[in-house]
1. Anything in region B:34-55 that is free of Cβ contacts under 8 Å to residues at least 24 places away in the same chain and more than 9 Å from every other protein chain (Cβ to nearest Cβ)? List them, or say none.
2. Identify the residue in region A:44-65 that is over 22 Å from B:LYS123 (Cβ atoms) and surrounded by fewer than 22 Cβ atoms within 10 Å (Cβ to Cβ) and, among all such residues, is farthest from the other protein chains (Cβ to nearest Cβ).
3. Consider B:ASP260 against the criteria (1) surrounded by fewer than 22 Cβ atoms within 10 Å (Cβ to Cβ); (2) in contact (Cβ under 8 Å) with a residue 60 or more places away in the chain: it satisfies all of them except one. Which criterion is unmet?
4. For region A:24-40, indicate whether the set of residues that are free of Cβ contacts under 8 Å to residues at least 40 places away in the same chain, among the polar types (S, T, N, Q) and within 11 Å of chain B (Cβ to nearest Cβ) is non-empty.
5. Of the residues that make up region B:188-197, is at least one touching a helix residue (DSSP H, G or I) at 6+ places or on another chain (Cβ under 9 Å) and within 14 Å of chain A (Cβ to nearest Cβ)?
6. When the residues of region B:58-78 are narrowed to those that are surrounded by 14 or more Cβ atoms within 10 Å (Cβ to Cβ) and aliphatic (A, V, I, L, M), which ends up nearest to the other protein chains (Cβ to nearest Cβ)?
7. Could you tell me whether region A:71-84 includes any residue that is out of contact with any Ser or Thr (no Cβ under 7 Å at 6 or more places or on another chain) and surrounded by 23 or more Cβ atoms within 10 Å (Cβ to Cβ)?
Amino acid sequence: MTPDTTAVACTGLSYSFGDTKAVDGLDLTVGEGEVFGLLGPNGAGKTTAIRCITTLLPVPAGMVRVFDHDTGRDRMAVRRLLGYVPQQLSADSGLTGRENVALFARVFDVPRRERAERVAQALEAVDLADAADRLAGTYSGGMVRRLELAQALVSAPRLLILDEPTIGLDPIARTSVWDQINAVREATGMTVLVTTHYMDEADQHCHRVGLMHRGRIRALGTPTELRRGLAERQGTDTLPTLEDVFRDVAGSGLDEQSGGFRDVRSTRRTANRVG
Amino acid sequence: MSEAPAAPRTASAEHTGAASLLLTPPKPRSGWRLLPARVLAMCAVELQKLRHDRTELYTRAIQPALWLLIFGQTFTRIKAIPTGGIPYIDYLAPGIIAQSAMFIAIFYGIQIIWERDAGILNKLLVTPTPRSALITGKAFAAGVKSLIQAVVVIVIAAILGVALTWNPLKLLGVGLAVVLASAFFSCLSMSIAGIVLSRDRLMGIGQAITMPLFFGSNALYPVAIMPGWLQAVSKANPLSYQVDALRGLLLGTPAHLALDFGVLAVAAALGITAASSLLGRLAR
């Protein structure tokens, strides 16, 4: 693997829902092996950008490339490289943990002879081996997140995309989910693209972050670079937090724009299900 | 940034050795082998769910049992419906099998809307599964569910003394007719789901169309006694062809099997096409 291989490249990515420009000229490059955090408040366009990259929303050719495959032209090739964990708790509560993972082994064409073993390894990798034969409906929020991680890992993706993986989880479960993500990344060398609005998590776990506001990246760099940059601009000695950086680049008007009704409702729904 | 996959491990070092399979992506299935694999995957999920929770299987057996018991027994005595010389309850049984299978399939779209809301659908759409393969898989999964329901109703009918065939070939044909018709009705439901996008609206429409589909077919009475306009409706109603095939196979009444299976297969194919092209609206 060459260090400068590009995992994701968006050039001038735009997507509108009717008159609302959710993503408005997004330029973004994620290198292979990187943990890249896309940050921003509800409604900044993070989820829409993710949905364009995952081929869920149709984009014209030339806007998004995933490992040299154009998402507008070569969807199936892109999908084979992806592991995707959406914002909602998306494990099927009517199936056991093992069955949930087996479904994804099947739809990624894992041959029957290695299916059971691969599913067991994926469950093992997220510490769910003991709970594997319980219905996912009986899992806690953190366990469901880890199960979803196992579902994504079973196909050995090169790019793992996580949309708000720790939303609504308690601090202990959040740490545990991040520990699993980091462990898996270290073991496999896969690229991780994650969205979050928890700035502290991004600061701690992401190599580079892009601060997104109103459909565009407003600041890009390592968390330390961004915080130092702000300290220099303000001429202060104490290092500001990522949240301060965000306030600085987003300027005023942050509060009125913190997500539409639908975003908030979907966030609350996820939070409710996490319990 | 550590690039090396073999970097020294801390917390879960024990997994690194075991997780060897998780480092190599599976070899893609190509061409024609993809569709049957996806259909099998969806059917497996449906069966697993039924195994964990059989409540639906039991509660859904009540209504067809009551149709046969109350409606069937009574109308057998009245002898008001020309059945071509067989007891009315025998005549009714294939109609009720078809109806109970249709009831399952026609509300299948609710499940896909639930899966959309839960994020399950989005996750499946990001797998190497073309939309048409996903819908075909769902359609046959609905078929499997209906098939189990059909077995239950056939057993109930047999207990009530309906003289059904036990010829395995004919029963296989019954299974095929049930699966094809359910594939069509579930695709009809998923197409409506793709248009109305909400569970409540789909419930309303589902209930509004089941009644005319059922009564506008030959499930309860021969088409010949219907007024002309309703006969036309019945001719365009796949349920009529399903019932005709089931009656012919189970009771040995005169049937148009080639036409019946032809219509059911074409209807299923059209349904899959329509539902696949509307699936994108649900993913948005």
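The values are calculated or read from the model by the stated rules, or taken from the named source; none is laboratory data. The shown structure was predicted, so the numbers you read here are calculated from the model rather than taken from an experiment. In this analysis, Cβ positions are derived from the backbone assuming ideal geometry, glycine residues included, and neighbour counts consider all displayed protein chains.
1. The answer is B:PRO36, B:ARG51, B:ARG54, B:THR55.
2. Here the residue is A:GLY62.
3. Result: B:ASP260 fails condition (1) only.
4. So the first thing to find is which residues in region A:24-40 are free of Cβ contacts under 8 Å to residues at least 40 places away in the same chain, and the list is A:29.
Subset that is among the polar types (S, T, N, Q): A:29.
Those left that are additionally within 11 Å of chain B (Cβ to nearest Cβ): none.
The answer is no; no qualifying residue exists.
5. Step one: filter region B:188-197 for residues touching a helix residue (DSSP H, G or I) at 6+ places or on another chain (Cβ under 9 Å), giving B:188-197.
Imposing the further condition that a residue be within 14 Å of chain A (Cβ to nearest Cβ) reduces the set to B:197.
Yes, region B:188-197 contains at least one residue that is touching a helix residue (DSSP H, G or I) at 6+ places or on another chain (Cβ under 9 Å) and within 14 Å of chain A (Cβ to nearest Cβ).
6. Out of the qualifying residues, it is B:ALA61.
7. Within region A:71-84, the subset out of contact with any Ser or Thr (no Cβ under 7 Å at 6 or more places or on another chain) is A:72-74, A:76-77, A:80-81.
Adding the requirement that they be surrounded by 23 or more Cβ atoms within 10 Å (Cβ to Cβ) leaves none.
No.
So that you can scan it fast, the table gives a plain yes or no per residue for (1) assigned to a helix (DSSP H, G or I); (2) surrounded by 24 or more Cβ atoms within 10 Å (Cβ to Cβ); (3) among the acidic types (Asp, Glu):
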| site | (1), (2), (3) |
| --- | --- |
| B:ALA133 | yes, no, no |
| B:LYS138 | yes, yes, no |
| B:GLY143 | yes, yes, no |
| B:SER146 | yes, yes, no |
| B:VAL151 | yes, no, no |
| B:ILE154 | yes, no, no |
| B:ALA158 | yes, no, no |
| B:ALA163 | no, no, no |
| B:TRP166 | no, no, no |
